[in-house]
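What follows is a single structure, written as structure tokens, with notes after it.
The values are calculated or read from the model by the stated rules, or taken from the named source; none is laboratory data. Source: prediction; values computed, not measured. Reconstructed Cβ throughout: ideal geometry from the backbone, glycine too, with neighbour counts over all protein chains shown. These area figures cover heavy atoms from the full protein model, side chains too; ligands, DNA and RNA do not enter into them. Shrake-Rupley method; radii C 1.70, N 1.55, O 1.52, S 1.80 Å.
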Amino acid sequence: MSEIRSLDHADVPAVAGMFQRVFRDERTASPALADYMRQLYLDGPGCDPEIRPLVHVNDEGRITGFVGVNALPMTLNGRHLRAAICGSLMAEDRESDPLAGARLMKAFLAGPQDLSFSETASEVSVQMWTRLRGVVLPQYSLDWVRVIRPATFSLSVASNRIKPARLAAPFARALDRFYRKRMGQGEQRWSALPEAGAAPAGFTATETDRSGFAAVVDQFTAPFPLRPEWSDGQLDHILADAEKKPEQGELAYALVTARTGAVVGAFAYYVKAGEIGRVLQILARPGQAGPVIDCLVDEASRRGLAGLRGRTQPALMEAMLGRRIAFVHVASTVVHSRDQTVVEACRDGQGFFNGISGEYWSRLIGGSFD
């Protein structure tokens, strides 16, 4: 008889192989992937022995399903919560057991955690969550996009499907230079950012390192009633892990200061000239999100990026309006809790979700294991 149980160390090679087949269309998983999944789900800082990933084992004793789970301590108005982040959900042999994925989801949500959430729920996953009384958070469920160099931006998108398109890169760069130089300083267009940049007067972005960024995280997340309370070493581990994505570029950190010298924000984003940079996190004091976003876009322009893309948070949405930022829906952020107080806090935009408080930092998203 099939069963659902917690992931064991001995299960990891089979789960890594299934991940390769389901998500990367490759038949063989490298030992590096198995080592990474073992460390991510079982041995890393913050792992909770009671909040574990789950596997589905069929009648023949073979693992045919998996749901990745990471524990995250959180606090809601001073009350300590145990949160569980739902990552990769996959199932094979759907013809013989079409409900394996749904059973995994149901078992996960029935766990001991006070709050369950995911920022990468597909349409199929959303249906499972909502049938089990999960809630979609629309304000957290959008990707934002800012075009900086239009021709290079279009080329970057096209080259993901047609590799030879990169041969047109010199022409695209020349076209962008011509177009952007004709824009006035401070001019707002959906299609591009002026060559002169758009950083607001009185605010400066200064490069920092991982420890410098981590040192300010608590002060910028403190205004959120529902926020992470990372265990010892957990935040540093998350940032160190996020840095190991060479295909996305270098993970750059910066602090934003006002003319008075006060730090009003920070950001972390991937830098790879000629590509669309993925923004891992934007942090800002209340009322200062606009200048922080402007400094981020200006820095990305200075470093040769074609554009930027990141995940929304309600605290940033108002500042993004009027800054020629477009929004697209790719995946949903969903939450589940048996405590309606927690659910309402999430619905009201009081939670600090996505980015470093989510899944996009993981090397399973955008990393390589060759």
note = Residues other than Gly111 with Cβ under 15 Å of its Cβ, Lys/Arg counted +1 and Asp/Glu -1, net out at +3
request  = Quick one: check the C-alpha center-to-center distance for region 310-335 versus region 34-110, whole angstrom.
outcome  = 27
message = Just to make sure I understand: if all protein chains stay in place, what is the order of Asp59, Asp11 by accessible area at 1.4 Å, largest first?
response = Asp59, Asp11
Rh by Kirkwood over Cα pairs, then Stokes-Einstein D for region 1-152 at 1.567 mPa s and 4 °C, µm²/s = 77
request  = Kindly state, to the nearest 0.05, the FRET efficiency for Ile162 paired with Arg79, given R0 = 56 Å and r defined as their beta-carbon distance.
outcome  = 0.60
message = Less than 13 Å Cβ to Cβ from Ala102, Lys/Arg counted +1 and Asp/Glu -1: what total charge do the surrounding residues give?
response = +3
note = With Cα springs under 10 Å, the Gaussian network model of the chain assigns the largest mean-square fluctuation among Ala174, Ala268, Ala254 to Ala174
ask   = When you count, for each residue, the other Cβ atoms within 10 Å and take the mean per peptide, how do 289-295, 318-324 rank with the highest first?
value = 289-295, 318-324
task = Count charges around Arg182 for me, please; just the other residues with Cβ under 14 Å from its Cβ, Lys/Arg as +1, Asp/Glu as -1.
result = +2
query = In deg cm²/dmol, rounded to 500, what helix-only [θ] at 222 nm does the chain give when every DSSP H run of at least 4 residues adds -39500 (n - 2.57) and the total is split over its residues?
reply = -9000 deg cm²/dmol
inquiry  = I want to verify a result. In a Gaussian network model of the chain, Cα cutoff 10 Å, which of these has the top mean-square fluctuation: Ile148, Ile85, Ile63?
reply    = Ile63
ask   = Under 5 Å between amide H atoms, partner at least 5 residues away or on a different chain: which partners does Ser2 have, H built in plane at 1.01 Å?
value = Asp59
ask   = Of the labelled options (1) 0.97; (2) 1.02; (3) 1.10, which one gives Cα Rg over 2.2 N^0.38 Å as computed for this structure?
value = (2)
ask   = Using the per-residue mean of other Cβ atoms lying within 10 Å as a proxy for protection, in what order, highest first, do the peptides 203-210, 343-350 fall?
value = 343-350, 203-210
note = Residue by residue through region 269-274, the couplings from Karplus 6.51 cos²θ - 1.76 cosθ + 1.60 with θ = phi - 60°, in Hz, x for Gly and Pro, are 8, 8, 10, 8, 3, x
